[in-house]
Amino acid sequence: MLTVNDAFRKFKSRLELTDREQTNASQRHKEVRDYVATKFAVDRDFLTGSYARHTKTKPLKDIDIFFVLKTSEKHYRDKSPSVMIDAVYDALIEKYGSSAVRKQGRSVNIDFGIKPNSEDKTDHRILSIDVVPAFAAGDDFEIPCTDTGTWIKTNPKIHAEKAVKAHDAYSKEWKGLVRMVKYWNNHPKHGEKPVKPSFLLEVMALECLHGGWGGQFDREVQALFATLADRVGDVWPDPAGLGPAISNGMDDARKRRAQTLLLEAGRQATMAIDHVRKGRNGDALKIWRELFGPRFPLS
Ligand SMILES: Nc1ncnc2c1ncn2[C@@H]1O[C@H](COP(=O)(O)OP(=O)(O)OP(=O)(O)O)[C@@H](O)[C@H]1O
Ligand SMILES: [Mg+2]
């Protein structure tokens, strides 16, 4: 029978990027890049965010592409962020149609109309892309944010470096654990995501996973949920020290809800660990499956 640790290994590998997904993401990137270049003067563009850091969970959606615009487009930078977002939106609906394109706070989302099956599989296809217009600002970037009505500074390189450092310090298990808690966060059973934005989970994990990898996934996840619950109400600044606090995405009521759900996940983890102690492996697997969702294996 599958042990809990082996089940977690399998779960972890199911949340890893496959070659075919990577190929599909590159194709979509190219397609969107070629089109955006017909509408804006683009200096360069690149895949970024959690996708580029390997901390994105499955199914793959909202893959961020930064489009760094040339100085000839700088007139947008002098206008309100909504003017920039509107311009990207108007350009994208011409190709993809208004039912597939959605304005977000800092990007415009293109939905490719792919629906995961009952096992949460997408036949290695990505669901959607976030087009993020950006201007270079020294070593950093400025991106429009309609939530705050300001242009905010960001630096994906610093976020990536921090993730690599945390991963290395945690016997290279850190990114896997981040993808797992983000998978929990996306479970449809919650309705709205407990933690918003999900980037906050990664930012918290930079500080909430410490002391080193102990070797047992169930213990690690139990401790992680408990610490996340304890600290989800705190203020979490941008790890690069540039943008607004990552924890600004939730008001107090939403933070309390997140804490309740994280505590509940921690309790389920404790129950599962107890089952193993009493020799009830199958019962433990069932709890983990219920906690995480269909990609957690029962066999
Ligand atoms: N408040 C912020 N200040 C500065 N940079 C930010 C801020 N929020 C997000 N970012 C940067 O923008 C990127 C994209 O943001 P997004 O919310 O899509 O997060 P993500 O890490 O890609 O997570 P997800 O898996 O949910 O897509 C982040 O990875 C981070 O590098
Ligand atoms: Mg993203």
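Each value in this text was obtained by applying a stated rule to the coordinates, not by laboratory testing. In this text, all values refer to a predicted model and were calculated from it rather than measured experimentally. With ideal geometry, Cβ positions are generated from the backbone for all residues, glycine too; neighbour counts draw on all protein chains shown.
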Within region 195-208, can one find any residue that is part of a loop (DSSP other than H, G, I, E, B), touching a helix residue (DSSP H, G or I) at 6+ places or on another chain (Cβ under 7 Å) and basic (K, R)? yes
Hey, can you tell me all the residues within region 23-52 that are within 16 Å of ligand 2 (Cβ to nearest atom) and assigned to a helix (DSSP H, G or I)? A25, R28, H29, V32, G49, S50, Y51, A52
For the subset of region 136-191 comprising residues that are within 30 Å of A265 (Cα to Cα) and among the basic types (K, R), which member is surrounded by the fewest Cβ atoms within 10 Å (Cβ to Cβ)? K189
Filter region 212-230 for residues that are crowded, with 19+ Cβ neighbours inside 10 Å and within 21 Å of K165 (Cβ to Cβ); the one that is farthest from ligand 1 (Cβ to nearest atom) is E220
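Looking at region 231-238, can you tell me whether even one residue there is within 20 Å of N248 (Cβ to Cβ), in a loop (DSSP other than H, G, I, E, B), within 11 Å of ligand 1 (Cβ to nearest atom) and among the aromatic types (F, W, Y)?
Of the residues in region 231-238, the ones within 20 Å of N248 (Cβ to Cβ) are 231-238.
Within this subset, residues satisfying the condition of being in a loop (DSSP other than H, G, I, E, B) are 232-238.
Checking the rest, the ones that are also within 11 Å of ligand 1 (Cβ to nearest atom) come to 236-238.
Narrowing further to those that are among the aromatic types (F, W, Y): 236.
Among the residues of region 231-238, at least one is within 20 Å of N248 (Cβ to Cβ), in a loop (DSSP other than H, G, I, E, B), within 11 Å of ligand 1 (Cβ to nearest atom) and among the aromatic types (F, W, Y), which makes the answer yes.
Are any residues in region 53-88 in a helix (DSSP H, G or I) and surrounded by fewer than 19 Cβ atoms within 10 Å (Cβ to Cβ), and if so, which ones? Outline the logic, then answer.
As a first pass, look at region 53-88 and keep what is in a helix (DSSP H, G or I): 53, 71-78, 81-88.
T71, S72, E73, K74, H75, R77, D78, S82, V83, D86, A87, listed by residue number.
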Are there any pairs with C-beta distances below 9 angstrom linking a residue in region 236-252 that is at positive phi to a residue that is surrounded by fewer than 17 Cβ atoms within 10 Å (Cβ to Cβ) and part of a helix (DSSP H, G or I), with the two at least 6 apart or on different chains, and if so which? G241/I158
Would you mind telling me which numbered condition in (1) touching a helix residue (DSSP H, G or I) at 6+ places or on another chain (Cβ under 7 Å); (2) in a helix (DSSP H, G or I) P297 fails? (2)
Are any of the residues in region 99-118 away from ligand 1 (no atom under 16 Å from the Cβ) and either buried (at least 19 other Cβ atoms within 10 Å of the Cβ) or more than 23 Å from the chain's Cα centre (by Cα) (or both)? yes
Any idea which of (1) without any contact (Cβ under 8 Å) to a residue 12 or more places away in the chain; (2) assigned to a strand (DSSP E or B); (3) not β-branched (V, I, T) is the one P133 doesn't satisfy? (1)
